[in-house]
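A.B. asks: I have a structure I would like to understand better, so I am pasting it below and will then ask my questions one at a time.
The values are calculated or read from the model by the stated rules, or taken from the named source; none is laboratory data. Predicted model, so just to flag it, every value in this text is computed and none were measured. No Cβ is skipped: glycine too gets one built from the backbone with ideal geometry, and neighbour counts run over all protein chains shown.
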Amino acid sequence: MTSSLTGKNVTKIFELAQQIDKARHAELKTSDLNKLLEDAVRSHAPAGLKNTHPKLRYMVQTDTCPPWFVVYGSNLSLLHWSYKRYLERRLREAYDFTGTPICFSFRNRD
C-alpha cells in the first residue's frame, strides 16, 4: 500500500517501474526461445482437426518494447486461441515479463 501524503512505499513504485521497463527491453536468444517452444510442444502438443495438426517449428523475437515473438510452422490456422495463451504463459513463467504485454505472430512456413 502506498500513500501520497506520507510517502510510504513510493520508492517501491519507482523500482517496479524500472523493473517493468527492463523487462520490456529484454532481448532473448533464439536458441533459448526454441528450447522453450520445444519443451512446451513436448509437454502439451497442439490439437488439430482429424489427421491435420499444427506443427510449430521455431520462434524468434523480432522486436522489443513490447516484446514481439514470431512462431513459424505449418497449419497454423488450426492453432486454437487457448494454445496461444498457453505459449504466452510458458514464456512468462520462464522470463520475467511482469507488467509487460507480449505480442505473438504466427506465420506458415511450408
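A.B. asks: Going residue by residue through the range 24-32, is there one that turns out to be free of Cβ contacts under 8 Å to residues at least 24 places away in the same chain, surrounded by 11 or more Cβ atoms within 10 Å (Cβ to Cβ) and among the aliphatic types (A, V, I, L, M)?
C.D. replies: So far as the range 24-32 goes, no, none of its residues is free of Cβ contacts under 8 Å to residues at least 24 places away in the same chain, surrounded by 11 or more Cβ atoms within 10 Å (Cβ to Cβ) and among the aliphatic types (A, V, I, L, M).
A.B. asks: Between Ala94, Ala23, which is at pLDDT below 90 and among the small types (Gly, Ala, Ser)? First the steps, then the outcome.
C.D. replies: On the way: Ala94 fails: at pLDDT below 90.
Result: Ala23 is the single residue among Ala94, Ala23 that is at pLDDT below 90 and among the small types (Gly, Ala, Ser).
A.B. asks: Would you mind finding the one in Thr52, Thr64, Thr100 that is among the polar types (S, T, N, Q) and in contact (Cβ under 8 Å) with a residue 60 or more places away in the chain?
C.D. replies: Unique residue meeting the criteria: Thr100.
A.B. asks: Within the range 57-67, take every residue that is touching a Cys at 6+ places or on another chain (Cβ under 9 Å) and within 11 Å of Thr100 (Cα to Cα) and give me the one that is surrounded by the most Cβ atoms within 10 Å (Cβ to Cβ).
C.D. replies: Step by step, filter the range 57-67, then rank; the result is Pro67.
A.B. asks: Further question on the same structure: For the subset of the range 40-80 comprising residues that are of a type outside the set (Ser, Thr, Tyr) and in contact with a His (Cβ under 8 Å, 6 or more places away or on another chain), which member is nearest to Tyr95 (Cα to Cα)? Quick ask: steps written out before the conclusion?
C.D. replies: At the first step, the residues of the range 40-80 found to be of a type outside the set (Ser, Thr, Tyr) are 40-42, 44-51, 53-57, 59-61, 63, 65-71, 73, 75-76, 78-80.
Checking which are in contact with a His (Cβ under 8 Å, 6 or more places away or on another chain) leaves us with 45-47, 65, 75, 78.
Numbers: Ala45: 21, Pro46: 22, Ala47: 25, Cys65: 15, Asn75: 28, Leu78: 27 Å.
Ranking the candidates gives Cys65 first.
A.B. asks: Can you pull out every residue in the range 33-50 that is exposed (fewer than 14 other Cβ atoms within 10 Å of the Cβ) and closer than 18 Å to Phe97 by Cβ?
C.D. replies: Passing the criteria: Lys35, Asp39.
A.B. asks: Hey, can you tell me all the residues within the range 74-101 that are among the small types (Gly, Ala, Ser) and either farther than 19 Å from Pro46 by Cα or out of contact with any Lys or Arg (no Cβ under 9 Å at 6 or more places or on another chain) (or both)?
C.D. replies: Ser77, Ser82, Ala94, Gly99
A.B. asks: Still on this structure: Would you mention how many residues in the range 5-39 are outside any loop (DSSP other than H, G, I, E, B) and either closer than 23 Å to Leu91 by Cβ or in contact with an Asp or Glu (Cβ under 7 Å, 6 or more places away or on another chain) (or both)?
C.D. replies: Total satisfying the criteria: 19.
A.B. asks: Can you pull out every residue in the range 68-91 that is part of a helix (DSSP H, G or I), surrounded by 14 or more Cβ atoms within 10 Å (Cβ to Cβ) and polar (S, T, N, Q)?
C.D. replies: Of everything in the range 68-91, nothing turns out to be part of a helix (DSSP H, G or I), surrounded by 14 or more Cβ atoms within 10 Å (Cβ to Cβ) and polar (S, T, N, Q).
A.B. asks: Under 12 Å from the mean Cα position of the chain (by Cα), in a strand (DSSP E or B) and at pLDDT below 95: does that describe Phe104?
C.D. replies: On the way: under 12 Å from the mean Cα position of the chain (by Cα): yes; in a strand (DSSP E or B): yes; at pLDDT below 95: yes.
Against the criterion (under 12 Å from the mean Cα position of the chain (by Cα), in a strand (DSSP E or B) and at pLDDT below 95), Phe104 qualifies.
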